[in-house]
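All of the numbers you see were taken from the coordinates with simple rules; none came from a lab. Since the structure is predicted, the reported quantities are computational estimates derived from the model, not experimental observations. No Cβ is skipped: glycine too gets one built from the backbone with ideal geometry, and neighbour counts run over all protein chains shown.
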């Protein structure tokens, strides 16, 4: 489930970016922005598989975040897309929020649910 959630949130990140900079969203434009970060997300997931971390763990979110961010920026640079400092800052913050906070919320929700009287 977490893989699908991560890929969906990275796809949303790319859509928001395209809309905020171009005012419209086409499949080709979205793909141009999304593919490096989607590939980076999959690299993060590969690292999770090697490390055998549980996907729902907050630390797993950190691994996926770093994969999406670093892998995405390296692939953007390699493909001739921009990696301006301001973009890196925004991508760091947004991807961090998108890929880590849902896991934090799930963990808090699980703890609250476990303590609730039945």
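Structure above, values below:
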| read-out | value |
| --- | --- |
| Gaussian network model of the chain, springs between alpha carbon atoms under 10 Å - residue of 67, 23, 82 with greatest fluctuation | 23 |
| Degrees separating the helix 27-51 axis from the principal Cα axis of the chain, which is the longest one | 40 |
| Tilt relative to the chain, helix 85-115 - C-alpha long axis, 0 to 90 degrees, to 10 | 20 |
| The chain: relative contact order in percent, alpha carbon pairs under 8 Å with at least 6 residues between | 26 |
| Residue with peak Gaussian network fluctuation, the chain [Cα springs, cutoff 10 Å], from 19, 95, 42 | 19 |
| Separation in nanometres of the label points that stand 7 Å from Cα toward Cβ, at residue 107 and residue 78 | 3.1 |
| Cα pair distances in the chain, grouped into 5 Å bins until the bin that holds the longest one, percent each | 2, 12, 21, 22, 17, 11, 7, 4, 2, 1, 0, 0 |
| Listed residues 14, 46, 84, most fluctuating in the chain (Gaussian network, C-alpha, under 10 Å) | 84 |
| Angle in degrees between helix 2-22 and the longest Cα principal axis of the chain, rounded to the nearest 10 | 40 |
| Gained length - residue 20 relative to residue 8, 0.36 nm times residue gap less alpha-carbon distance | 2.5 nm |
